[in-house]
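Read the structure below first, then the notes.
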Amino acid sequence: MNYNFQKVVTIMNPSSDDDSIEDGQYVVEDIIDHRVVNGKLQFLLKWKGYDDSENSWENKRDLHCDDILT
């Protein structure tokens, strides 16, 4: 499942400790995959401006961009 779009999302609990990003806002370049872990839906996200090694699994409940996740 690949989508091509650019969307700013706010992550409530960022998995990265990168202090260079203010207010926990990131631009999603692509949704690469999805999975369910312990009953929670997660998305593998490609972040704009970051290498593929920075892709991360994020819980849907932590992402505030329902318009692109439904």
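What is the set of long-range amide H partners of D33 at a cut-off below 5 Å, with H atoms built 1.01 Å from backbone N?
Placed amide hydrogens put L44 under 5 Å from D33.
Each residue of the range 40-49 in turn: what ³J(HN,Hα) in whole Hz from Karplus with 6.51, -1.76, 1.60 and θ = phi - 60°, glycine and Pro shown as x?
10, 6, 10, 10, 8, 10, 9, 8, 5, x
Going by the alpha-carbon gyration tensor, a ≥ b ≥ c the square roots of its eigenvalues, is the range 28-68 rounded (a/c under 1.5) or, if a/c is not under 1.5, prolate (a/b greater than b/c) versus oblate?
Oblate is the answer for the range 28-68, as a/c is 1.5 or above yet b/c matches or exceeds a/b.
Taking amide H atoms as placed 1.01 Å from N in the peptide plane, list the residues 5 or more away in sequence, or in a different chain, whose amide H sits under 5 Å from that of L41.
Residues meeting the criterion, in which the H sits 1.01 Å from N, are K60.
None of the figures in this text is laboratory data; all of them are computed from the coordinates on show. Not measured: the values here are computed from a predicted model.
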